[in-house]
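Peer 1: Quick one: the structure is below, and I'll ask about it shortly.
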Amino acid sequence: MKKFLVLLSFVFTAGMLSAQAKGLPTANVKTPEGQIVSVKDLAPAGKITVFSFWATWCKPCIAELDAIKDLYPEWKEKYNVEFVAVSVDDARTSARIKTVAANKGWEYTIVNDASKEFQTAMNVSNPPLTMLVNQKGEVIFEHLGYTSGDELELEEKIKAAAGKE
């Protein structure tokens with residue numbers, strides 16, 4: 001039994017490490033103006049980037065983006081981080097993306113993945129899902145769902161990635 005638990009622990013740890021080391025896919029998203037942008041261009045080398053998958057109909061997504069809104073200017077200054085809000089709205093609801101972002105005063109880069117190319121490549125099934133990408137383009141942290149205070153955990157992860165622990 002002890003050997004089984006040790007083996008299980010090893011497999012779990014190895015799985016976590018490989019999940020953390022995955023890079024960004026070759027996938028495209030669209031700006032609200034309809035311009036096609038490569039996901040890799042949104043997370044350039046040398047830059048810490050947060051991707052937050054959200055939808056206009058998702059209340060926890062809106063709450064998370066609202067909570068981060070006030071912290072983001074400080075994060076940008078302290079940690080040189082970029083924040084990209086990736087809408088998963090489909091063709092039926094995507095017309096609301098620009099309006100919601102403007103009404104909320106979000107100063108994030110807003111893109112839409114209506115084709116689900118980025119979501120599929122990253123195995124995103126439900127928003128909200130937040131992903132932290134380090135300066136090498138590797139996903140080093142993922143968080144599914146949102147409860148108040150999750151943004152503070154995200155800041156700790158950003159701080160560590162920036163080497164400012």
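The values are calculated or read from the model by the stated rules, or taken from the named source; none is laboratory data. Nothing here was measured: the structure is a model prediction, and the numbers come from that model. Cβ atoms come from the backbone with ideal geometry, glycine included; neighbour counts cover every protein chain shown. Ligands, DNA and RNA are excluded from the accessible area calculation, which covers all protein heavy atoms including side chains. Shrake-Rupley method; radii C 1.70, N 1.55, O 1.52, S 1.80 Å.
Peer 1: Once amide H atoms are placed 1.01 Å from N in the peptide plane, what residues at a sequence separation of 5 or more from residue 82, or on another chain, have their amide H within under 5 Å of its amide H?
Peer 2: Those qualifying (amide H under 5 Å, at least 5 residues apart or on another chain) are 48, 49, 50.
Peer 1: Could you order 87, 115 by accessible surface area, starting with the largest, using a probe radius of 1.4 Å? Present the calculation step by step, with values, prior to reporting the outcome.
Peer 2: Numbers: 87 0, 115 85 Å².
Greatest to least solvent exposure: 115, 87.
Peer 1: Residue 66 to residue 138: FRET efficiency via 1/(1 + (r/R0)^6), r the Cβ-Cβ distance, R0 41 Å, to the nearest 0.05?
Peer 2: Values: r = 28 Å, r/R0 = 0.69.
Step by step, r from the Cβ atoms, then E = 0.90.
Peer 1: With a point put 7 Å past each Cα toward its Cβ, work out how far residue 78 is from residue 35 in nm, to one decimal.
Peer 2: In this crude label model, residue 78 to residue 35 measures out at 3.1 nm.
Peer 1: When 1/r is averaged over all different Cα pairs and the result inverted, which Kirkwood radius in Å belongs to segment 71-165?
Peer 2: Result for segment 71-165, one decimal place: 14.6 Å.
Peer 1: At 7 Å along Cα-to-Cβ for each site, give me the label-to-label distance between residue 162 and residue 91 in nm.
Peer 2: That separation, rounded to one decimal, is 4.2 nm.
Peer 1: Helix 59-69 against the longest principal axis of the chain: what's the angle in degrees, Cα atoms only, rounded to the nearest 10?
Peer 2: With both axes taken from Cα atoms, the answer is about 90 degrees.
Peer 1: Using only Cα atoms, tell me the angle between helix 150-161 and the longest principal axis of the chain; keep it within 0 to 90° and round to the nearest 10.
Peer 2: That helix lies at roughly 70 degrees to the long axis.
Peer 1: Among 126, 147, 158, which residue has its Cα furthest toward the positive end of the charge dipole of the chain, with +1 on Lys/Arg Cβ and -1 on Asp/Glu Cβ?
Peer 2: The residue sitting farthest along the positive end of the dipole is 126.
Peer 1: Order 131-144, 46-59 from most to least packed using the mean count of other Cβ atoms within 10 Å. Could you put the intermediate results ahead of the total?
Peer 2: Details: 131-144: 17.9, 46-59: 19.5.
The packing order, highest mean first, is 46-59, 131-144.
Peer 1: Let me ask something else. Leaving out ligands, DNA and RNA, what percent of the accessible area of segment 103-158 is carbon and sulfur, probe 1.4 Å?
Peer 2: Values: 1250 of 2760 Å².
C and S fraction of accessible area: 45 percent.
Peer 1: Could you identify which residue out of 97, 36, 62 has the top mean-square fluctuation in a GNM of the chain using Cα springs shorter than 10 Å?
Peer 2: 36
Peer 1: Okay, next question. Taking θ as phi - 60°, what are the ³J(HN,Hα) couplings along segment 122-132 by the Karplus curve (6.51, -1.76, 1.60), each to the nearest whole Hz, with x for Gly and Pro?
Peer 2: 3J(HN,Hα) across segment 122-132, in whole Hz: 9, 6, 8, 9, 9, x, x, 9, 10, 10, 9.
Peer 1: Would you calculate, for the chain, the mean residue ellipticity at 222 nm contributed by helices, counting each DSSP H stretch of 4 or more residues as -39,500 (n - 2.57) and dividing by all residues, to the nearest 500? Please list the in-between numbers first.
Peer 2: Working: 7 runs with 67 residues, N = 165.
After summing the helix terms and dividing by the residues of the chain, the value is -11500 deg cm²/dmol.
Peer 1: Still on this structure, please answer the following. Rounded if a/c is under 1.5, else prolate if a/b beats b/c, else oblate: with a ≥ b ≥ c from the C-alpha gyration tensor eigenvalues square-rooted, which is segment 39-99? Kindly include the intermediate steps, with their values, before the conclusion.
Peer 2: Details: a/c = 2.98, a/b = 1.52, b/c = 1.95.
Judged from the Cα gyration tensor, segment 39-99 comes out oblate (a/c at least 1.5, b/c at or above a/b).
Peer 1: So what is the relative contact order of segment 68-165, in percent, for Cα pairs below 8 Å that sit 6 or more residues apart?
Peer 2: Details: 84 pairs, mean separation 24.1, N = 98.
In percent, rounded to a whole number, it is 25.
Peer 1: Let me know the shape class of segment 111-159, please: from the alpha-carbon gyration tensor, a ≥ b ≥ c as square roots of the eigenvalues, rounded when a/c is under 1.5, otherwise prolate if a/b is greater than b/c, or oblate.
Peer 2: oblate
Peer 1: Hey, another quick one. Using a Gaussian network for the chain with springs between C-alpha atoms less than 10 Å apart, which of these wobbles most: 43, 91, 67?
Peer 2: 91
Peer 1: Out of all DSSP beta bridges with both ends in the chain, state the antiparallel percent to the nearest 5.
Peer 2: 60 percent
Peer 1: Using Cα pairs closer than 8 Å and at least 6 residues apart in sequence, work out the relative contact order for segment 46-90, in percent.
Peer 2: On the way: 46 pairs, mean separation 28.0, N = 45.
Normalised by residue count, the contact order of segment 46-90 is 62 percent.
Peer 1: Using Cα pairs closer than 8 Å and at least 6 residues apart in sequence, work out the relative contact order for the chain, in percent. Let's see the in-between values first.
Peer 2: On the way: 271 pairs, mean separation 50.9, N = 165.
It rounds to 31 percent for the chain.
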